[in-house]
Each structure stands twice: as structure tokens, then as C-alpha cells.
Amino acid sequence: MAIHKTGGSRFWVSPTAVDVDAVNAMDDAALLAYYEGISDWIEVEELENLGTVGDSAEGIPFTTIGGNRVRNLKGPRNAGTQEVVVGRDALDDGQEQLIVCEKTDFNYPFKTELNDARTSNHSKSLMYYAGLVMSRPTNMGTNAQVTTRTFSIGINTSVFEVASAVLAAPVNTALPAISGTVATGEVLTAYPGTWTNSPTLTYQWQADNAGNDTFADISGATSQTFTAVVGNEGDALRVKVTGVNGEGTPVVAYSAPTQLQTA
């Protein structure tokens, strides 16, 4: 068993509105895929207080005329209103996005990362949910106080939690691929393929200089894009993608070789 502090936690908002009825109809597997598929998270900085989130059921009391004890049933669930307090920063992208959200009647996804990893070999817990930004008052206080802003978020979905766990090494489930014309001066683009366990990816372009399917690294070609050069005319090219996460074990995947590079 272990407890943890709130310090070091992080908070994001997505600017893409969501249909909460559709989210509430998803099972756990679909929810995880949906939230992990969001690519436009914007982090909210200068957090002071992340408030409270999570379900509570409305109580439905019942007492019979001849009874002497109230019986309680569970009614509708309410995930509450999260009060996120920040030090006001007019140039913070996350705070500005919350202001934009408050001006609409739409629901938006939110993500909270808790600072609860026991070791570097553990992930941090994540909480996902969606709701309305209801208000954004500014507290100016006195001359000895930091100006703060409170964003009230009415949560309209369940709070889906991905608990901290021992990290597993990345797994490549679909190989990398290359697009573009394989000719001198043309720009090729590497697609990383599909990976599990959230790795950081690096790229290394390679050429089959000997023409015998023996590939060697191209010096300095470590970006996701590569401009074919004269020295590789007549060679097949491929890209090596390496994935590493906190588990520490590098995992390598290769694209299929291209056709021979033309002049």
C-alpha cells in the first residue's frame, strides 16, 4: 500500500467537443480507446487546486407507515462539479482554451494525471471524463495575493480511471511504413506503425548499399522525413523505428524496403 501527494499532478483539456451520450454508452474497452486516441490535448498550467471529481449516487429514502427505519435506495449518479483553481496566466494555452470552452454550450474531454507512480518502472494514474466549463470567475484579492481564476467543470460522464501499474515494454502491432517517391531530391515520410504502452519513438533511415539486403544507417538521417540523396541512387531504403518507455527496454521495428532509388 502507498499514498501519494497531489503535487506534480497535471491537467489537460481537448478543444474537440464530444457527445457525452455516446461516451456514456461505451464500455470500458471503447472508453480507453476513445480517450487514448485523442491527440489534441492542451495542458493547463499554473494549477493550484484540482478540486474533487467522482460519482456519488442520489439517495432515495423510503419509509413504510408501520416501519421505524428509513430504507435508502440509490438514485441517479452525479460525477460532480470540479473546481480547478489556477494562477491567472493570460498567455497560457490551456487556460485560454478553458475560457473558449466556457463560452460554448458544448461538452469537452478532460484528462488528469496523478503523481502516484511508485517507481520509474510504474505508470502514473490517469482520469478521463467530459463535461461543461460552467464558469470562470477571477479572484483578484488583495495586494498580497496571487490573482487566480476558478474554472467550474460540470462533469457529465463517468470518471474513467486508468490505474498506475508496472510498465510493460512497448509492443509494435503494425509495422512502420514509408510514403513518397523514391527518387533523388524527393522527400520521404516515415509512418511509425502502431505501438502499445505509450513509447517515445525515434527514427533511423537505412540504405541497402551492398544490394544484398544488408542495411546500414544513413548518417544524420534521424528525422521522420528524409530527402533522398545522390549517394543512395540504386539502393533500397527502409526506416528503423525504436520505441522506449519507462520500462527501459528498447523495441525496434523496421518498415518494408522501398523500391530502388532512382536519379
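The values are calculated or read from the model by the stated rules, or taken from the named source; none is laboratory data. Everything quoted here is computed from the prediction, not taken from an experiment. In this analysis, Cβ positions are derived from the backbone assuming ideal geometry, glycine residues included, and neighbour counts consider all displayed protein chains. When the accessible area is computed, the model is the full protein with side chains, heavy atoms only, and any ligands, DNA or RNA have been set aside. Shrake-Rupley method; radii C 1.70, N 1.55, O 1.52, S 1.80 Å.
Under the rule a/c < 1.5 gives rounded, and otherwise a/b versus b/c splits prolate from oblate, where does region 159-263 land using the Cα gyration tensor?
Numbers: a/c = 3.02, a/b = 2.44, b/c = 1.24.
Note, shape of region 159-263 comes out prolate.
What lysines could a cross-link reach from residue 103, if we take a straight Cα to Cα line under 26 Å and drop same-chain neighbours fewer than 8 places away?
Within the straight-line cut-off, residue 103 pairs with 111.
What are the ³J(HN,Hα) values, in whole Hz, obtained from phi via the Karplus relation 6.51 cos²θ - 1.76 cosθ + 1.60 with θ = phi - 60°, for each residue of region 38-44 in sequence order, with x given for Gly and Pro?
6, 10, 10, 4, 10, 6, 9
If one puts a single equal scatterer on every Cα of the chain and applies the Debye formula without solvent, what log₁₀ I(q)/I(0) results at q = 0.09, 0.10 Å⁻¹?
-0.62, -0.72
With Kirkwood's inverse mean 1/r over C-alpha pairs for Rh, give me the Rg to Rh ratio of region 1-142, two decimals please.
Working: Rg = 18.7 Å, Rh = 17.7 Å.
We get a ratio of 1.06 for region 1-142.
From the phi angles alone, apply the Karplus equation (6.51, -1.76, 1.60; θ = phi - 60°) to region 49-64 and give each ³J(HN,Hα) in whole Hz, x where the residue is Gly or Pro.
Residue by residue, region 49-64 yields 8, 9, x, 10, 9, x, 5, 9, 8, 5, x, 10, x, 8, 9, 6 Hz.
For the chain, which whole-number percentage of the solvent-accessible area (1.4 Å probe, protein heavy atoms only) is attributable to carbon and sulfur atoms?
Numbers: 7610 of 14850 Å².
It is 51 percent, rounded to a whole number.
Which far-off residues, 5 or more places away or on another chain, put their amide H under 5 Å from the one on residue 9, with H placed in the peptide plane?
115
Under a Cβ-only charge scheme (Lys and Arg +1, Asp and Glu -1), can you give me the dipole magnitude of the chain about the Cα centre, in debye to the nearest 20? Walk me through the numbers before you get to the answer.
Details: 15 positive and 29 negative charges, 197 e Å.
For the chain, the charge dipole is close to 940 debye.
What accessible area per residue, rounded to a whole number of Å², is obtained for the chain using a probe radius of 1.4 Å?
Values: 14850 Å² over 263 residues.
Per-residue value: 56 Å².
By how many degrees, between 0 and 90 and to the nearest 10, does the Cα long axis of helix 93-102 differ from the longest principal axis of the chain?
It works out to around 50 degrees.
So what are region 2-81's ellipsoid semi-axes, whole angstrom, largest first, if each one is the square root of 5 times an eigenvalue of the alpha-carbon gyration tensor?
Values: eigenvalues 260, 80, 27 Å².
They are 36, 20, 12 Å, listed largest first.
Tell me the relative contact order for the chain as a rounded percent, counting alpha carbon contacts under 8 Å between residues six or more apart.
Values: 606 pairs, mean separation 42.2, N = 263.
The normalised contact order for the chain reaches 16 percent.
Report, ordered by chain and residue number, the lysines lying within cross-link reach of residue 74, taken as a straight Cα distance under 16 Å and ignoring same-chain residues fewer than 8 apart.
Output for residue 74: empty list, no partners.
Starting from region 109-204, pick out the trypsin sites (Lys or Arg not before Pro) whose DSSP state is loop and whose Cβ has at most 16 other Cβ atoms within 10 Å. Don't skip to the end; give the middle numbers.
Numbers: sites: 111, 118, 124, 149; in loops: 118, 124.
Sites meeting the loop and neighbour criteria: 118.
Give the Rg (one decimal place) followed by the Dmax (whole number) of region 133-174, computed from C-alpha coordinates and expressed in Å.
That works out to 20.0, 57 Å for Rg and Dmax.
7 Å from Cα along Cα→Cβ at both residue 191 and residue 26: what's the point-to-point distance in nm?
Between residue 191 and residue 26, the simple spin-label model gives 2.2 nm.
Name the aspartates and glutamates eligible as straight-distance cross-link partners of residue 240: C-alpha to C-alpha under 20 Å, and not fewer than 8 places from it in the same chain.
The qualifying aspartates and glutamates are 186, 208, 213, 217.
Looking at the calculated P(r) for region 131-213, what percent of the C-alpha pair distances fall above 20 Å? Present the calculation step by step, with values, prior to reporting the outcome.
Numbers: 2343 of 3403 pairs.
Pairs farther apart than 20 Å: 69 percent.
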